[in-house]
Amino acid sequence: MAGGEGTRLRPLTCNIPKPMMPVFDKPVMEYSLELLKKYGIKDIAVTLQYLPEAVEGYFRDGRDRGLNIRYFVEDTPLGTAGSVKNAEEFLDETFIVISGDALTDFPLDEAFEFHRSRGALATLVLTRVESPLEYGLVLTDREGRIRRFLEKPSWGEVFSDTVNTGIYILEPEALQYIKPGTRFDFSRDLFPFFLAQGKALYGCILQGYWCDIGNCRQYRQVHIDILDGKVKVDIPGEREGNIIIGTGSHIAPGVSLEGPLYLGANSYVAAGARILAYTVLGQGTLVELNASIKRSVIGQDSLIGPGVEIRGAILGTGVRAKNRSSIFEGAVIGDRTVIEEDAVIKPEVKIWPQKVIEAGSVVGESVVWSERVPRSLFTRRGIVGDVNGQLAPERLAQLGRAIGSLLPLDSRVVVGYDWSIPGRMAKQSLEAGLMASGLEVFDIGRVPVTAFRYATSELKGRQGFHLMSRGDQLQVKIVNQQGIDLTKSEERSIENLLNREEYRPIAAERMREPQYVPDMVRAYLNSIIREVDTGLIARQRFRVAVGADSGGLTDLAVKLLDRIDCDVVRVDGGSSRSTFDGDAEMAVDHLASASSRAGADLGIYLVDGGQQLCLISPQGRVIRDEYMLAVISLLFAERYGAVYLPTDAPLIIERFARQMGKEVRRTRAASGEFMSELVAGGEWEQLRFYWDGFYLAAKLLEQMARLDADLDELLTGLPLFFYDKRELPVSWRQKGMVIRRLAETSPDSEVQELEGIRLRSEAGSSLILPDEDRPICRIYSEAFSQEIAQSLSEFCVETIKKICQEKE
């Protein structure tokens with residue numbers, strides 16, 4: 001399989017396909033061919049799509065390598081299985097599919113023996129990895145028969161650390177299930193079909209080295225692993241201890257060599273140069289006087305000038321780094337780029353091919369393209385970063401330009417912000433980038449997140465952007481045209497574009513002035529008023545105590561309650577936190593005290609731009625988090641077609657809803673997935689109850705008026721349950737292993753259909769869910785007493801700690 005474009009390896013793959021990426025002066029695909037030949041496989045079909053002539057021109061018909069190679073070129077991408085189907089005429093017996101852009105030394109004979117002994121139609125070669133997010137997860141039984149798999153999961157979906165390597169052994173009959181000329185994937189289409197039909201689909205776990213060279217970090221790591229002897233591959237050159245020197249290389253007197261390292265054929269190292277550990281010099285490279293290189297990969301025919309310092313970088317073919325220039329950790333320099341004298345390339349900068357960096361320049365950003373994207377751009381609360389760091393003004397402009405390039409030219413987007421000065425600054429910075437992408441920007445000014453969602457939908461924006469500040473932290477909330485959060489797949493699309501670092505160029509005359517749209521808050525409040533019986537509420541003359549985590553939210557809540565003739569008691573002094581933790585707890589307690597003193601019928605406290613609501617009953621009962629979820633799910637259940645609950649919602653709510661005769665549908669915990677399922681089910685009001693605290697407060701008052709009951713009386717019909725939540729630090733590399741071990745060692749465990757794993761006992765249950773954004777696992781325990789719920793969480797904590805210690 002050699003059709004890979006290698007977009008995540010840019011700028012190294014701008015001019016060559018991924019299988020032709022050099023590893024120790026040989027295309028990475030050549031190692032796959034050598035492995036196949038080692039196990040007696042000499043008849044080889046190569047599937048091509050991107051720059052096919054580069055592969056064909058290098059390997060030709062394979063006779064000089066003792067191979068018989070044929071090429072099958074796709075005019076349009078056919079997917080992994082579709083491309084193999086395209087070579088069907090060649091495949092008349094049991095065959096192996098292997099990637100041309102991954103490096104492995106797996107014992108393929110063991111895989112063939114496994115395949116034959118099981119009578120398999122298809123066998124997937126599997127391995128275990130520390131961080132499984134970028135691969136397809138596979139779960140097998142004791143005989144190796146595949147029970148379940150999932151392509152590129154989120155941490156919440158991880159159920160194992162065993163992954164699909166993209167190496168398959170297939171019988172020709174397997175190709176009968178692939179329609180010719182159509183896009184068809186093994187992992188997304190063919191293998192799920194085999195699993196559903198009960199076909200002989202197996203997974204064989206092999207020991208050995210395997211690396212899918214998917215990004216620049218992995219590309220450099222492959223070279224380090226080879227130097228460390230972790231991979232059984234043939235590297236040309238003579239060995240002097242842990243130093244490999246290619247034919248025709250010259251090392252001048254006074255050169256300092258510190259292995260392990262590799263000097264390619266015909267390279268030249270001048271006096272005084274220092275070539276330090278884990279350096280790879282491509283063939284024909286010239287290193288001049290007093291240059292110093294460490295932990296770097298230098299492409300063929302490059303020139304490293306006098307006094308140059310390179311640390312932890314990758315240089316493409318024919319790069320010229322001139323006198324005293326410096327290139328630092330994580331930088332990637334494209335082919336034939338010239339870095340002039342005394343220039344400094346800062347860490348993580350990418351420079352596209354054939355650029356000229358002027359003398360004395362200090363380059364802190366990628367040239368033409370933007371900075372490298374962090375592993376996780378999005379968090380549970382959107383894009384979050386420091387106002388002077390990750391989300392500084394210049395970076396927000398770049399973010400706007402990159403995201404704007406995803407949308408069609410002239411698309412309408414809606415932008416709003418909170419009541420803070422940093423929020424306004426961030427809005428203006430992001431708007432600049434969106435304008436530079438050729439978008440029509442509607443500026444709705446200062447609004448809560450809830451009104452912003454409404455405005456994006458009402459104004460028919462393709463996307464919406466809301467900026468909110470909490471101290472030094474900025475939050476960028478992105479919603480789609482329906483005003484709901486992006487799904488994980490939509491977030492990945494944005495991350496992939498940022499990783500490619502490509503902007504759409506726009507002529508100046510096509511850039512538009514932002515249009516200010518006034519009174520969206522009033523329109524939003526009117527939309528709530530239209531949905532409630534104001535006369536019914538007014539006759540009760542409820543007294544309501546109101547607070548929020550910002551003065552702007554409190555102002556809007558007071559306006560809404562005034563319009564439905566409530567007697568409002570305003571309680572200021574709220575926390576600036578966006579969730580119910582830390583200072584927010586004190587603010588809620590302060591509101592509860594004020595509510596009690598005022599004899600209020602209801603207390604409400606709004607946070608997170610009005611999206612979350614805390615309720616205080618006349619008896620001082622505080623309702624939030626899971627208990628608020630129960631109120632939303634059950635108190636208004638008669639209005640729903642089905643009750644929707646996220647994965648981490650307590651089971652007692654689901655059981656109670658079913659007892660009420662309601663269908664319950666579970667969704668993934670991420671807000672985008674949860675909202676999308678609600679929209680797909682037509683549950684717009686339920687969506688609004690979950691994510692609009694203003695709307696929920698108004699509808700709750702209406703319910704109290706209709707039933708002539710206060711909140712305490714309404715709550716008597718809801719189930720009593722006890723819930724305990726914990727966060728346990730678990731490293732990224734251990735998360736998948738922890739979930740797998742829990743599934744293996746706990747006979748009463750249940751791998752969730754959607755996310756995480758649930759451990760059950762007679763006393764209750766615990767859900768263990770790996771966090772998406774942080775190196776932690778979340779534990780959610782429920783039982784019939786708080787003491788038991790806490791003990792269940794403690795048991796999970798100790799079990800996970802033991803698993804992590806065993807790994808170490």
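The table for this structure:
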item: Residue list for the range 655-666, restricted to those being of a type in the set (Gly, Ala, Ser) and either touching a Leu at 6+ places or on another chain (Cβ under 8 Å) or open to solvent by 70 Å² or more (accessible area, probe 1.4 Å) (or both); result: Ala657
item: Residue match in the range 492-505 (condition: under 29 Å from Arg8 (Cβ atoms), open to solvent by less than 20 Å² (accessible area, probe 1.4 Å), β-branched (Val, Ile, Thr) and out of contact with any Phe, Trp or Tyr (no Cβ under 6 Å at 6 or more places or on another chain)); result: yes
item: Of all residues in the range 560-590 being at pLDDT below 55 and open to solvent by 50 Å² or more (accessible area, probe 1.4 Å), the one that is farthest from the chain's Cα centre (by Cα); result: Ser576
item: Near pairs, Cβ below 8 angstrom, 6+ apart or cross-chain, from the range 404-416 (under 16 Å from Ala507 (Cβ atoms)) to any residue that is in a strand (DSSP E or B); result: Gly404/Val413; Asp410/Glu440
item: Any hit, the range 663-670, residues being under 16 Å from Gly483 (Cα atoms) and modelled with pLDDT under 95; result: yes
item: Residue match in the range 83-98 (condition: basic (Lys, Arg) and at positive phi); result: no
item: Filter result (open to solvent by 30 Å² or more (accessible area, probe 1.4 Å) and either among the small types (Gly, Ala, Ser) or under 25 Å from the mean Cα position of the chain (by Cα) (or both)) within the range 11-22; result: Cys14
item: The range 457-491 - residue that is open to solvent by 40 Å² or more (accessible area, probe 1.4 Å) and hydroxyl-bearing (Ser, Thr, Tyr) and, of those, nearest to Asp418 (Cα to Cα); result: Ser457
item: Residue tally, condition in a loop (DSSP other than H, G, I, E, B) and either modelled with pLDDT under 80 or closer than 19 Å to Phe191 by Cα (or both), over the range 117-141; result: 10
item: Candidate set from the range 752-764 (those that are assigned to a strand (DSSP E or B) and open to solvent by less than 10 Å² (accessible area, probe 1.4 Å)); member that is nearest to Cys804 (Cα to Cα); result: Ile757
item: Sole exception among (1) open to solvent by less than 10 Å² (accessible area, probe 1.4 Å); (2) under 19 Å from Leu399 (Cα atoms) for Pro422, by number; result: (1)
item: Scan of the range 105-116 for residues that are assigned to a loop (DSSP other than H, G, I, E, B) and surrounded by fewer than 20 Cβ atoms within 10 Å (Cβ to Cβ), ordered by number; result: Asp105, Pro107
item: Output for the range 349-369, where each listed residue is within 24 Å of the chain's Cα centre (by Cα), among the charged types (D, E, K, R) and at pLDDT below 90; result: Glu365
item: Residue satisfying condition, being in contact with a Pro (Cβ under 9 Å, 6 or more places away or on another chain) and open to solvent by less than 20 Å² (accessible area, probe 1.4 Å), within set Ala291, Ala265; result: Ala291
item: Selection count where residues are open to solvent by less than 40 Å² (accessible area, probe 1.4 Å) and hydroxyl-bearing (Ser, Thr, Tyr), scope the range 117-139; result: 3
item: Ile169 of a type in the set (A, V, I, L, M), surrounded by fewer than 19 Cβ atoms within 10 Å (Cβ to Cβ) and more than 27 Å from the chain's Cα centre (by Cα); result: no
item: Test: residue in the range 522-537 that is in contact (Cβ under 8 Å) with a residue 40 or more places away in the chain, open to solvent by 50 Å² or more (accessible area, probe 1.4 Å) and more than 17 Å from Met675 (Cβ to Cβ); result: yes
item: Cβ-Cβ under 9 Å pairs, at least 6 apart or on other chains, the range 672-683 side within 17 Å of Arg639 (Cα to Cα), far side in a helix (DSSP H, G or I) and acidic (Asp, Glu); result: Glu683/Glu677
item: Considering residues of the range 184-209 that are surrounded by 21 or more Cβ atoms within 10 Å (Cβ to Cβ) and assigned to a helix (DSSP H, G or I) only, the residue nearest to the chain's Cα centre (by Cα); result: Ser187
item: Glu341 vs. criteria at pLDDT below 90, within 22 Å of Cys14 (Cβ to Cβ) and open to solvent by 40 Å² or more (accessible area, probe 1.4 Å); result: no
item: Restricting the range 23-32 to residues that are more than 17 Å from Gly208 (Cβ to Cβ) and in a helix (DSSP H, G or I), the residue that is most open to solvent (accessible area, probe 1.4 Å); result: Glu30
item: Residue in the range 696-717 that is open to solvent by 30 Å² or more (accessible area, probe 1.4 Å), in a loop (DSSP other than H, G, I, E, B), in contact with a strand residue (DSSP E or B) (Cβ under 7 Å, 6 or more places away or on another chain) and without any contact (Cβ under 8 Å) to a residue 40 or more places away in the chain present; result: no
item: Unique match (being in a helix (DSSP H, G or I), of a type in the set (A, V, I, L, M) and open to solvent by 10 Å² or more (accessible area, probe 1.4 Å)) among Ile632, Ile652; result: Ile652
item: Qualifying residue in the range 3-10 (condition: within 23 Å of Glu171 (Cα to Cα), open to solvent by less than 40 Å² (accessible area, probe 1.4 Å) and of a type in the set (Lys, Arg)); result: no
item: Residue within the range 677-685 that is in a loop (DSSP other than H, G, I, E, B), touching a Ser or Thr at 6+ places or on another chain (Cβ under 9 Å) and at negative phi present; result: no
item: Output for the range 210-238, where each listed residue is more than 18 Å from Gly299 (Cα to Cα), within 42 Å of the chain's Cα centre (by Cα) and open to solvent by 30 Å² or more (accessible area, probe 1.4 Å); result: Trp210, Asp212, Asp228, Gly229, Lys230, Lys232, Val233, Asp234
item: Which listed residue is in contact (Cβ under 8 Å) with a residue 12 or more places away in the chain, out of contact with any helix residue (DSSP H, G or I) (no Cβ under 6 Å at 6 or more places or on another chain) and within 20 Å of Thr80 (Cβ to Cβ), from Glu5, Glu34; result: Glu5
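Residues are listed down the side, and each one gets a yes or a no for (1) in a strand (DSSP E or B); (2) more than 19 Å from Thr165 (Cα to Cα); (3) open to solvent by 50 Å² or more (accessible area, probe 1.4 Å):
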| site | (1), (2), (3) |
| --- | --- |
| Gly40 | no, yes, yes |
| Gly57 | no, yes, no |
| Asp64 | no, yes, yes |
| Ile69 | yes, yes, no |
| Asp75 | no, yes, yes |
| Ala81 | no, no, no |
| Ile96 | yes, no, no |
| Ser99 | no, no, no |
| Leu103 | yes, no, no |
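The values are calculated or read from the model by the stated rules, or taken from the named source; none is laboratory data. Here the structure is a predicted model, which is why all the values come from computation and not from measurement. Glycine also receives a Cβ, built like all others from the backbone with ideal geometry; neighbour counts cover every protein chain displayed. Heavy atoms of the whole protein, side chains included, go into the accessibility calculation; ligands, DNA and RNA do not. Shrake-Rupley method; radii C 1.70, N 1.55, O 1.52, S 1.80 Å.
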